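Asks: Dumping the structure here so I can ask a few things about it.
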Amino acid sequence: MFKPIFTAGLRTPFGRAVKGAYKDVRADDLLVEILDAQSRKHTALWQQGPEDVIVGCAYPEHEQGYNIGRMAALGVGIDVPGMTVNRLCASSMEAVAIAAARIVAGWGGIYLTAGIESMSRIPRRGANFSESERIKNTTPLAYTPNGETAELVARRYPELTRKLQEDLAEQSHTRAFEAHEKGWYADQIHPYLIDRDEFVRFPVDRNKMASLPPAFDENGTVTAATSSPLTDGAASGWVVEAKLARHLGITAGLEFVDAQVSHVAPEVMGLGPVPATRRLFERHKLSAHDIAAFEINEAFAIQVLASALDLDIPLDRVNAWGGAMALGHPLGASGLRLVMTLHDRLKQHGRNGALGIATLCVGGGQGMSILCRWTKL
């Protein structure tokens, strides 16, 4: 049986879109930068060479277009094919899942995966976004903007008040700050123009947070402070068959056990992690209490709180190093960021066989969840 192992995660710090460090950096150049950094930091893997470069990107057009996976391979000077995957916010998690599935099938042994998004230079929803009347005739709320979906989730869970959402946002920034200060992110960050994620704020000004107006509904509870910001960034990591990984000197890594996708109504997109994670629980006869660490993408505080409530997840196991409200959410790169942080958290946890789940909500009403196990090789 072939076992896929995730290892050697590396990302840029995440930058503030439009105003931050990467606002003038081409998306394809940013991706080449992180792959070039891989060549220097993880030389044994690089010298072995990937069989394919699989890149997630939510809006693969303009500088992110023309199959940026293959273009980045050419840009970094490796003679391998490349492909680009789009499942919106779960794009790079899907890239990892594809690589893992190929290894399980025996179709290959080593893949370089990545994710990229420049929200400064490529507009969200794309430059030529257009709604289909035919699709809306079948599903009238198919194109509900994500901010509005957050408010619709909040209406379903009135007990998850604005204060509770702000509590989670404060916790996200505080945990992210502490993780940076303690050096927990050092192994996964490649300093490029900046050496830390640009959004992290500490101490959090709760008075300022409380003064912000609702962002999407004047009578709502979701604000800019309890939403993930527009972000630029790139992420990467290797998926390697366990025996080959051991041969290359890797002594432990994140073993992929299962990956599941599911769907919810588009207007409550943020609840996507619930059915996807439930599938993992059911397939493997698990509950939330069997999982040592969760990484849940913080598109909005409300959807993390609602997902944790529905799945009975203890919040002290969720995003222990901070989440997207503090770190940022470069759409195509976020799935990989979750996976590499789960890797580093379980490595720190130290128990062989400890389980972890990374999960995100996905635009259009989807969810994706990956079940992993910390494995000594």
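The values are calculated or read from the model by the stated rules, or taken from the named source; none is laboratory data. On a predicted model such as this, the values are computed, not experimentally measured, just so you know. So basically every Cβ, Gly included, is an ideal-geometry build from the backbone, and we count neighbours across all protein chains shown.
Asks: Considering only segment 80-119, state which residues are of a type outside the set (G, A, S) and either within 24 Å of N146 (Cβ to Cβ) or modelled with pLDDT under 95 (or both).
Replies: From segment 80-119, those of a type outside the set (G, A, S) are 80-81, 83-89, 93-94, 96, 98, 102-104, 107, 110-113, 116-117, 119; that's our starting set.
The answer is T84, V85, N86, R87, L88, C89, M93, E94, V96, I116, E117, M119.
Asks: Follow-up question, since we're still on this one. For segment 239-267, what are the residues that are among the β-branched types (V, I, T) and in contact with a strand residue (DSSP E or B) (Cβ under 6 Å, 6 or more places away or on another chain)? Walk me through it before giving the result.
Replies: First, the residues of segment 239-267 that are among the β-branched types (V, I, T): 239-240, 250-251, 257, 261, 264.
Within segment 239-267, V239, V240, I250, V257, V261 qualify.
Asks: Counting only residues that are among the charged types (D, E, K, R), under 26 Å from Q348 (Cβ atoms) and surrounded by fewer than 23 Cβ atoms within 10 Å (Cβ to Cβ), how many does segment 270-312 have?
Replies: Here is the first cut: in segment 270-312, the residues among the charged types (D, E, K, R) are 278-279, 282-283, 285, 290, 295, 298, 310, 312.
When the remaining residues are screened for being under 26 Å from Q348 (Cβ atoms), the result is 290, 295, 298, 312.
Cutting the leftovers down to surrounded by fewer than 23 Cβ atoms within 10 Å (Cβ to Cβ) gives us 290, 312.
So the answer is 2.
Asks: Hey, another quick one. From the residues in segment 188-208 that are over 23 Å from the mean Cα position of the chain (by Cα) and not in a loop (DSSP other than H, G, I, E, B), which one is nearest to A169 (Cα to Cα)? Spell out how you get there, then give the answer.
Replies: The first filter runs over segment 188-208 and keeps only residues over 23 Å from the mean Cα position of the chain (by Cα), leaving 203-208.
Checking which are not in a loop (DSSP other than H, G, I, E, B) leaves us with 206-208.
Values: R206: 10, N207: 13, K208: 13 Å.
Filtering segment 188-208 for residues that are over 23 Å from the mean Cα position of the chain (by Cα) and not in a loop (DSSP other than H, G, I, E, B), the one nearest to A169 (Cα to Cα) comes out as R206.
Asks: What single numbered condition from (1) buried (at least 18 other Cβ atoms within 10 Å of the Cβ); (2) under 22 Å from A8 (Cβ atoms); (3) free of Cβ contacts under 8 Å to residues at least 40 places away in the same chain; (4) not β-branched (V, I, T) fails to hold for G353?
Replies: (1)
Asks: Report the residue count in segment 101-129 for those that are charged (D, E, K, R) and part of a loop (DSSP other than H, G, I, E, B).
Replies: Taking segment 101-129 first, the residues charged (D, E, K, R) are 102, 117, 121, 124-125.
Applying the additional criterion that residues be part of a loop (DSSP other than H, G, I, E, B) yields 121, 124-125.
Of the residues in that region, 3 qualify.
Asks: Could you identify the single residue in R201, R196, R206 that is surrounded by fewer than 15 Cβ atoms within 10 Å (Cβ to Cβ) and either within 30 Å of G9 (Cβ to Cβ) or outside the structural domain of L112 (by TED's automatic domain parsing) (or both)? Explain how you work it out, then say what you get.
Replies: Numbers: R201 fails: surrounded by fewer than 15 Cβ atoms within 10 Å (Cβ to Cβ); R196 fails: surrounded by fewer than 15 Cβ atoms within 10 Å (Cβ to Cβ).
The unique qualifying residue is R206.
Asks: Scanning for something touching a helix residue (DSSP H, G or I) at 6+ places or on another chain (Cβ under 6 Å), closer than 26 Å to H180 by Cα, at pLDDT 95 or above and charged (D, E, K, R), does segment 298-321 turn up at least one residue?
Replies: yes
Asks: Follow-up. Check G367, G335 and return the single one that is over 25 Å from G183 (Cβ atoms) and modelled with pLDDT of 95 or more. Outline the logic, then answer.
Replies: On the way: G335 fails: over 25 Å from G183 (Cβ atoms).
Among G367, G335, only G367 is over 25 Å from G183 (Cβ atoms) and modelled with pLDDT of 95 or more.
Asks: Output the residues belonging to segment 43-59 that are of a type in the set (V, I, T) and either within 22 Å of D28 (Cβ to Cβ) or not in a helix (DSSP H, G or I) (or both).
Replies: The first filter runs over segment 43-59 and keeps only residues of a type in the set (V, I, T), leaving 43, 53-55.
Residues satisfying the conditions are V53, I54, V55.
Asks: Moving on to the next point. Show the residue pairs that are 6+ apart or on different chains and have beta-carbon atoms under 6 Å apart, the first residue being within segment 175-200 and without any contact (Cβ under 8 Å) to a residue 24 or more places away in the chain, the second being part of a loop (DSSP other than H, G, I, E, B).
Replies: As it stands, the answer is H180/R196, since those pairs meet every condition given.
Asks: Which ranges mark the strands (runs of 3 or more DSSP E) fully within segment 223-341 that have 1 or more residues being more than 28 Å from L160 (Cβ to Cβ) and under 17 Å from the mean Cα position of the chain (by Cα)? If you could, list the steps in order and put the result at the bottom.
Replies: On the way: elements: 231-241, 252-263, 293-296.
Result: 231-241, 252-263.
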